[in-house]
Structures are given as C-alpha cells and as structure tokens.
Amino acid sequence: MRSGTLSLQLLQVQDPNSQIVHALQTAQSLTVLTGAGVSAASGVPTFRGQEGLWKSYRPEILATPQAFAKNPKLVWEWYQWRRTKIATCKPNRSHEIISKWSHHYSKFTLITQNVDGLHEQAGTENVVHLHGSIWEVFCWNDCQLSPPRWIDKTLIYSKMPPACPYCGGLIRPGVIWFGESISSEILESATRGLICDVFLTVGTSSIVYPAASLICAAKAKGAFTAEINLEPTPVSEQVDVSMLGAAEEVLPKLDSFLVDSLL
Ligand code: BV8
C-alpha cells in the first residue's frame with residue numbers, strides 16, 4: 001500500500017466528514033464481518049498473529065475432521081485449552097460498539113468467524129455464526145438419540161476425549177473445520193447481509209473462505225465497503241476505505257462522530 005494512502009486511511013478515522021463517517025451516518029442498513037482481531041483486546045489469541053493459535057500448530061493438524069478422527073484427544077486438548085482461556089475473557093470496546101450499532105440500524109447483520117461468544121455477551125442483535133461456537137458440541141457419530149447440537153460449557157472434562165452422553169461415543173466441538181461445509185441456513189443468513197448500505201469488515205486476515213469473499217460480494221451489490229485492521233489484507237485494495245488501526249480504538253472514534261445521529 002502506498003504510504004500516501006496510509007496517512008489518508010488514518011485521516012479517515014480522525015475526520016468527522018470522511019467518507020466512512022458519512023456512510024455510517026446516512027446508512028439505513030449495516031453489515032459487520034468480524035474475525036479474531038476483534039477479540040484480541042479481550043485476551044483471546046488470534047489465529048495467525050505473532051502469538052497466534054496456529055503458530056504452534058498447523059490448521060490441518062487440529063481444525064479438520066480428519067485430524068479429529070486420527071487424534072480426538074489432541075484436538076480436544078487444544079479446544080479445552082481455548083475454552084478455559086476464553087472463559088476468562090470479557091467483551092471489549094469493539095464488541096460494545098458493534099452491539100450498540102446492532103440496535104440502531106433498521107437492518108443490521110453481524111457475520112462473525114469467531115466462536116468465542118463475546119458478541120452475544122455484549123448484547124449484539126442478529127449474529128450469524130459462520131464458523132459455529134466453541135460452547136456447543138454434537139455427537140461425532142451423529143447418534144439418533146442426541147439433538148443436532150447442544151450447549152456444553154464444561155471447562156475441564158473428567159474424561160478426554162469426552163463421551164457423548166446419549167450413545168457413549170465421542171462428542172466434537174460445534175465449530176466448522178477446514179474442509180467442512182457451512183450449512184445452507186447459515187450461508188443464506190450471511191447472504192441476506194450482503195444487501196446493505198455499508199459492509200464493514202473488522203479484525204480478519206481475509207484469507208479463510210467463504211468468509212473472505214463476502215465483502216467483495218457486498219461491494220458488487222452496491223454496498224459501501226470498509227475495512228479495519230492493524231495491517232493490510234488481500235481485500236485492502238478492493239474496499240472503498242481501508243483503515244489501519246486497532247479495532248478497539250478505531251470503532252469508538254467512529255462512534256464518537258456518529259453519536260448525534262445515533263441518538
Ligand atoms: C468451506 C474453526 C466448502 C473454528 C476455522 C474457496 C471457497 C471455499 C472454500 C475454500 C476456498 N479456498 C479454500 C477453501 C478451503 C478453506 C479455506 O478457506 N482455506 C484457507 C486457509 C485458504 N475453507 C473451508 O474449508 C471452509 N469450508 O468452504 O466448505 C468446501 C468444502 C471442502 C472443500 C472446499 C470447500 C471452512 C472454513 C472454516 C475453518 N474454520 N476455524 C475454530 O476452531 O475457531 S477458520 C479460523 O480462521 C477461524 O474460524 C477464524 O475465524 C478464521 C479466519 O481467521 P481470522 O478470524 O481472520 O483470524 P486471523 O488470526 O487469521 O487474523 C486476525 C486478523 O486481525 C489479522 O489480520 C490481524 O492483523 C488483525 N488484528 C489483530 N488484532 C487486531 C486486528 N485488527 C484490528 N484490531 C486489532 N486489535
């Protein structure tokens with residue numbers, strides 16, 4: 001990215017008359033897509049950052065059905081470690097601002113790749129969980145006695161890997177792994193969110209599909225598109241405005257310019 005545009009990007013957030021502020025002030029409908037960068041300030045490790053979760057593991061080792069079939073205990077140890085870490089985390093200013101905006105716009109959609117549940121904890125309306133929830137499980141054998149999925153907030157299982165209470169087989173985390181399809185219901189909910197005045201992507205590396213394709217799909221349908229990230233991503237050159245900065249600093253700044261119009 002050219003240095004000139006970098007300073008321009010930062011100006012977008014300082015200038016109450018910038019394109020992004022005008023777009024948010026005049027929009028009737030807003031869709032936000034979030035990734036791990038939104039939860040970073042809450043203490044939830046990101047996937048690909050310096051301290052990223054993937055740094056110690058490769059996705060194909062842990063986040064695939066094949067990995068689980070091969071070594072369910074290792075995969076559950078990783079998810080159990082993440083659950084115990086996430087259980088101590090609280091929503092941060094990013095979650096709070098997105099929640100506030102979710103109650104303001106007449107049509108609001110939050111599409112999140114995050115599985116930590118912090119958006120719901122912050123009271124956000126209309127959350128689409130593209131990659132599922134770390135606080136849900138379902139039977140690995142899809143046994144007839146068990147529901148499709150259920151909430152299970154156990155932090156330390158007495159037996160690893162944990163057993164299905166309905167059939168005695170295994171349970172698995174209720175998330176979408178690499179190579180697994182996202183349900184048509186969830187994809188339809190996300191697709192409905194593409195029809196919006198503003199599509200804002202926050203804190204995602206934009207390399208995991210189909211999530212990474214959404215902002216350009218929204219732009220093709222006429223949305224004003226903007227990105228907030230600490231660093232450029234593969235979509236930075238394609239969106240209308242790419243703002244470089246920490247979400248927990250940029251979102252409150254943008255909100256401060258909107259406060260009159262949001263009242
Ligand atoms: C599928 C599990 C059909 C839950 C995860 C094209 C089309 C369709 C599929 C593909 C395709 N090309 C390739 C594929 C296959 C694959 C894929 O995308 N691979 C990638 C690696 C190329 N996609 C799939 O398999 C998907 N399934 O499409 O089904 C199909 C089926 C078979 C074959 C083909 C297609 C399923 C993908 C879901 C995978 N599951 N997680 C869990 O355990 O958590 S993905 C994992 O990465 C997380 O869910 C996470 O959400 C996701 C993306 O990561 P980010 O959230 O972006 O986090 P990351 O650390 O990468 O980045 C953080 C960013 O925040 C950074 O940019 C950083 O700079 C920034 N940041 C940090 N701090 C801050 C900040 N920004 C602002 N402020 C801060 N403070």
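Out of the residues in region 122-148 that are within 21 Å of LYS73 (Cβ to Cβ) and in a loop (DSSP other than H, G, I, E, B), state the one that is farthest from the ligand (Cβ to nearest atom). Before the answer, list the steps.
Of all residues in region 122-148, those within 21 Å of LYS73 (Cβ to Cβ) come to 132, 134-143, 146.
Filter once more, so that each one left must be in a loop (DSSP other than H, G, I, E, B): 140-143, 146.
On the way: TRP140: 16, ASN141: 21, ASP142: 18, CYS143: 23, SER146: 21 Å.
Among those residues, the one meeting the criterion is CYS143.
Scan the helices (runs of 4 or more DSSP H) fully inside region 175-263 and keep the ones with 3 or more residues being more than 19 Å from SER106 (Cα to Cα) and out of contact with any helix residue (DSSP H, G or I) (no Cβ under 8 Å at 6 or more places or on another chain).
Counting at least 3 such residues, we get 184-192, 214-220.
List every residue pair whose Cβ atoms sit under 6 Å apart, with the two residues 6 or more apart in sequence or on different chains, where the first one lies in region 69-89 and is closer than 22 Å to HIS119 by Cα and the second, anywhere, is loosely packed, with under 15 Cβ neighbours inside 10 Å.
So the pair list comes out as ARG83/LEU155; THR84/LEU155; ALA87/LEU155; CYS89/GLY43.
Quick one: which helices (runs of 4 or more DSSP H) sit completely within region 1-120 and have at least 2 residues that are at pLDDT below 75 and among the aliphatic types (A, V, I, L, M)?
3-14
Just to verify a result, which residue in region 104-121, among those that are crowded, with 19+ Cβ neighbours inside 10 Å and either within 22 Å of ARG172 (Cα to Cα) or among the acidic types (Asp, Glu) (or both), is nearest to the ligand (Cβ to nearest atom)?
So, considering only residues that are crowded, with 19+ Cβ neighbours inside 10 Å and either within 22 Å of ARG172 (Cα to Cα) or among the acidic types (Asp, Glu) (or both), the one nearest to the ligand (Cβ to nearest atom) is GLN113.
Got at least one residue in region 192-213 being touching a His at 6+ places or on another chain (Cβ under 9 Å) and more than 16 Å from LEU24 (Cα to Cα)?
yes
Conditions tested, residue by residue: (1) of a type in the set (Phe, Trp, Tyr); (2) closer than 16 Å to GLN80 by Cβ.
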| site | (1), (2) |
| --- | --- |
| TRP135 | yes, yes |
| SER146 | no, no |
| THR154 | no, yes |
| TYR166 | yes, no |
| GLY169 | no, no |
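The values are calculated or read from the model by the stated rules, or taken from the named source; none is laboratory data. All values derive from a computational prediction rather than experimental measurement. So basically every Cβ, Gly included, is an ideal-geometry build from the backbone, and we count neighbours across all protein chains shown.
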